[in-house]
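Asker: Sharing a structure with you now.
The values are calculated or read from the model by the stated rules, or taken from the named source; none is laboratory data. Computed from a predicted model, the values in this text were never measured in an experiment. A quick note on method: Cβ atoms are made from the backbone with ideal geometry, for glycine too, and the neighbour counts reach across all protein chains shown.
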Amino acid sequence: MIAVDDLSVTFGHGSDAVRAVQEVSFRVDEGDSFGLVGESGSGKSTVLRALCGLLSDWTGKIVVAGRVQGRRRARAFHKLVQMVFQDPYGSLHPRHTVDRALSEPVAIHRLGQPERRIEAALRDVGLDPSFRFRYPHQLSGGQRQRVAIARALILEPRVLLLDEPTSALDVSVQAEILNLLNRLRAAHGLTFVLVSHNLAVVAHMCGRLAVMNRGRVVEAMPVERLRAGEPERPYTRQLLQASLGYDRAAVDRFLEFD
Amino acid sequence: MTRTPDDGPLLSVADLWVRFPTRKGVVEAVRGVGFEVGREKLGIVGESGSGKSMTGKAILRLVPAPGEVRARALRFGGLDLLRIDEAAMRKVRGRRISMVMQDPKYSLNPVMTVGRQIDEAYRVHTGAAAAAARARSLEMLRAVRIRDPERVYRAYPHELSGGMGQRIMIAMMLIPDPDLLIADEPTSALDVTVQMQVLAIIDDLVTTRGMGLIFISHDLNLVASFCDRVLIMYAGRVVEACRAAELPLARHPYTRGLLGSLPRVDRPGGELPVLRRDPAWATDPAGAGGR
């Protein structure tokens, strides 16, 4: 479904140039869920932004659903690939009702039957149709993220790109959203690319994952290897160790990785 | 500094209430919380809106107006924090109880060098001369494991990473050598490895100086592995208190629900149990209604 080869992204010029992503390659089959894990500045979100066309300055090759993608994306691409962002407080227009947020993609893509689609999308994400005429400030964080997911799903995409979809939420709400995403993936045969700093979330959601550090993929592996605690690279092992909780003795063994 | 762990609690809080009058009636952010802190690491865990941060602020009398703080007792050492005047309170804040906030981006002054800010924290409380303060600040930067203290001393906050910023906050809070440190989500803006390194610094300082620590966090696993004791807060109340190591055996349905809703690296995916909130938890701190 998705094939990324030698993707590189550089910001700035000359001596100020920052190589945010360097020669990243991965493949995601249709219906799979792929995770990109890393700490801040590892380039994981930049990969996602290049993939969905939010960035134009990249080199390499991106193929989605059999089509080689250029710097500008056709409208059909955005019907196929939709994105959900981290912060549901920032990604919904504060002065637009849920109804307006959901009608806009329908109108842009001239899909027709907005009423039916909006109600179906709200039902899909577990919100009552009465939420249609509410404003974001009348919703909790979890409800807002459900609206953001509904907005992505209303175009019936085949790929959902998820950028830290639950890191702004409380753990009990996170569990609800993760369950919802898994249910939607099964129901609609969606392909996921999930970016997160949280190894547990990625281990829970994904079949395969790639660990990134300083713009490069450190290693890619099936989730079983992570669960068994057997990543190959020292960087990944350290990340896993740190994710399991505080251990005074382990901290002294931490290394810097370049 | 030699302090014995059994010289009584540093801080005792009994029946603490924080109320905010609003147009729609009174909002009770903290409702009858009581606990004691000795020279140990006490964790306070809860979700957003549980009242955990307000509890920390109430101890330092930092609850913003129009909030009201009431308590049966709020004692620190020999002081009654409810009664002493503002001048006496200023001597407690920073000097004897200090607080580290979540995000160094907002807690550090962007137009002052790091060194001047740490110096100020020391000189305000001790009246030391500039040269002495500088020497002490550099020493403190080394204590929080800043590799190049001279450079960082001269740097502005925007020139430093988040992890460094948070270490500087910790240096600043520890330089007056307080008896109690209140850390409100001190590491949640940091990457997980940096988070562990910053916690190790706090841990070592608590151990070597015999300080008390109140560690406020939303992260159950982290608190369970880092603290000695844990209080779980829900809707302004403490619903459960236990030894951190015994958290996996927690009995209250809210604590159990929170623990269950965490995805884990070492467990296969599938449906996560979703927390079903029982209105009785808000009124019945013992959790008998949920059992």
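Asker: Is it the case that A:ILE118 is touching a residue at least 40 places away in the same chain (Cβ under 8 Å) and of a type in the set (A, V, I, L, M)? First the steps, then the outcome.
Answerer: Details: touching a residue at least 40 places away in the same chain (Cβ under 8 Å): no; of a type in the set (A, V, I, L, M): yes.
No: the conditions fail for A:ILE118.
Asker: Separate question: State yes or no: is B:VAL265 closer than 15 Å to A:LEU244 by Cβ, in a helix (DSSP H, G or I) and within 11 Å of another protein chain (Cβ to nearest Cβ)?
Answerer: Working: closer than 15 Å to A:LEU244 by Cβ: yes; in a helix (DSSP H, G or I): no; within 11 Å of another protein chain (Cβ to nearest Cβ): yes.
Answer is no for this residue.
Asker: Only one of A:PHE77, A:PHE34 is outside any strand (DSSP E or B), surrounded by 15 or more Cβ atoms within 10 Å (Cβ to Cβ) and among the aromatic types (Phe, Trp, Tyr); which? Working first, answer last.
Answerer: Values: A:PHE34 fails: outside any strand (DSSP E or B).
Sole residue among the options that is outside any strand (DSSP E or B), surrounded by 15 or more Cβ atoms within 10 Å (Cβ to Cβ) and among the aromatic types (Phe, Trp, Tyr): A:PHE77.
Asker: Taking interchain pairs and intrachain pairs at least six residues apart, which have beta carbon atoms under 8 angstrom, with the first residue in segment A:1-12 and without any contact (Cβ under 8 Å) to a residue 40 or more places away in the chain and the second part of a strand (DSSP E or B)?
Answerer: A:GLY12/A:VAL18
Asker: Keeping to segment A:222-254, report how many residues are in contact with a strand residue (DSSP E or B) (Cβ under 9 Å, 6 or more places away or on another chain) and among the hydrophobic types (A, V, I, L, M, F, W, C).
Answerer: Selection size over segment A:222-254: 3.
Asker: I'd like to verify a number: residues in segment A:91-141 that are in contact with a helix residue (DSSP H, G or I) (Cβ under 7 Å, 6 or more places away or on another chain), of a type in the set (Gly, Ala, Ser) and within 21 Å of A:ALA168 (Cα to Cα), how many?
Answerer: The total comes to 4.
Asker: Taking segment B:145-161 as the region of interest, how many residues are touching a Lys or Arg at 6+ places or on another chain (Cβ under 8 Å) and either acidic (Asp, Glu) or buried (at least 18 other Cβ atoms within 10 Å of the Cβ) (or both)?
Answerer: Going residue by residue through segment B:145-161, those that are touching a Lys or Arg at 6+ places or on another chain (Cβ under 8 Å) are B:145-146, B:149, B:153, B:157.
Add one more test, that the residue is either acidic (Asp, Glu) or buried (at least 18 other Cβ atoms within 10 Å of the Cβ) (or both), and what stays is B:146, B:149, B:153, B:157.
Within segment B:145-161, residues that are touching a Lys or Arg at 6+ places or on another chain (Cβ under 8 Å) and either acidic (Asp, Glu) or buried (at least 18 other Cβ atoms within 10 Å of the Cβ) (or both) number 4.
Asker: Please verify whether segment B:216-224 includes one or more residues that are part of a helix (DSSP H, G or I), facing another protein chain (nearest Cβ under 10 Å) and more than 18 Å from A:LEU199 (Cβ to Cβ).
Answerer: Going residue by residue through segment B:216-224, those that are part of a helix (DSSP H, G or I) are B:220-224.
Filter once more, keeping what is facing another protein chain (nearest Cβ under 10 Å): B:220-224.
Subset that is more than 18 Å from A:LEU199 (Cβ to Cβ): B:223.
Yes, some residue in segment B:216-224 is part of a helix (DSSP H, G or I), facing another protein chain (nearest Cβ under 10 Å) and more than 18 Å from A:LEU199 (Cβ to Cβ).
Asker: If you go through segment B:189-218 one residue at a time, how many are touching a Phe, Trp or Tyr at 6+ places or on another chain (Cβ under 8 Å) and of a type in the set (D, E, K, R)?
Answerer: Count: 1.
Asker: So, one more: If you take the residues of segment A:76-128 that are among the charged types (D, E, K, R) and under 20 Å from the mean Cα position of the chain (by Cα), which of them is nearest to A:LEU139 (Cα to Cα)? Write out each step before concluding.
Answerer: Taking segment A:76-128 as the starting set, the residues that turn out to be among the charged types (D, E, K, R) are A:79, A:87, A:95, A:99-100, A:104, A:110, A:115-117, A:119, A:123-124, A:128.
From the residues that got through so far, the ones that are under 20 Å from the mean Cα position of the chain (by Cα) too are A:79, A:87, A:124.
Numbers: A:LYS79: 27, A:ASP87: 14, A:ASP124: 17 Å.
The selected residue is A:ASP87.
Asker: Taking into account only those residues within segment B:159-195 that are of a type in the set (S, T, N, Q) and in contact (Cβ under 8 Å) with a residue 60 or more places away in the chain, which is farthest from the other protein chains (Cβ to nearest Cβ)?
Answerer: Going through segment B:159-195, the residues of a type in the set (S, T, N, Q) turn out to be B:161, B:166, B:187-188, B:193, B:195.
In the following step, the residues that additionally are in contact (Cβ under 8 Å) with a residue 60 or more places away in the chain were identified as B:166, B:188.
Numbers: B:GLN166: 13, B:SER188: 10 Å.
Checked segment B:159-195; the qualifying residue farthest from the other protein chains (Cβ to nearest Cβ) is B:GLN166.
Asker: Taking interchain pairs and intrachain pairs at least six residues apart, which have beta carbon atoms under 6 angstrom, with the first residue in segment A:163-177 and on the phi > 0 side of the Ramachandran plot and the second assigned to a loop (DSSP other than H, G, I, E, B) and at pLDDT below 95?
Answerer: Within 6 Å, the pairs are A:GLU164/A:GLN86.
Asker: Is it the case that A:GLN82 is out of contact with any Leu (no Cβ under 8 Å at 6 or more places or on another chain) and not hydrophobic (A, V, I, L, M, F, W, C)?
Answerer: Working: out of contact with any Leu (no Cβ under 8 Å at 6 or more places or on another chain): no; not hydrophobic (A, V, I, L, M, F, W, C): yes.
In short, no.
Asker: If you don't mind, another one. Among the candidates B:VAL45, B:VAL13, B:VAL27, B:VAL69, single out the residue that is exposed (fewer than 14 other Cβ atoms within 10 Å of the Cβ), of a type in the set (Val, Ile, Thr) and in contact with a Lys or Arg (Cβ under 9 Å, 6 or more places away or on another chain).
Answerer: Working: B:VAL45 fails: exposed (fewer than 14 other Cβ atoms within 10 Å of the Cβ); B:VAL13 fails: exposed (fewer than 14 other Cβ atoms within 10 Å of the Cβ); B:VAL69 fails: exposed (fewer than 14 other Cβ atoms within 10 Å of the Cβ).
The unique qualifying residue is B:VAL27.
Asker: I need the full set of residues from segment B:124-144 which are within 26 Å of the chain's Cα centre (by Cα) and loosely packed, with under 15 Cβ neighbours inside 10 Å, in order please.
Answerer: Correct list: B:VAL124, B:GLU139, B:ARG142.
Asker: Would segment B:233-254 turn up any residue that is part of a loop (DSSP other than H, G, I, E, B) and in contact (Cβ under 8 Å) with a residue 60 or more places away in the chain? Give the steps one after another, and end with the answer.
Answerer: Within segment B:233-254, the subset part of a loop (DSSP other than H, G, I, E, B) is B:235-236, B:250-252.
Right, trim to in contact (Cβ under 8 Å) with a residue 60 or more places away in the chain and you get B:235-236.
For segment B:233-254, residues part of a loop (DSSP other than H, G, I, E, B) and in contact (Cβ under 8 Å) with a residue 60 or more places away in the chain: present.
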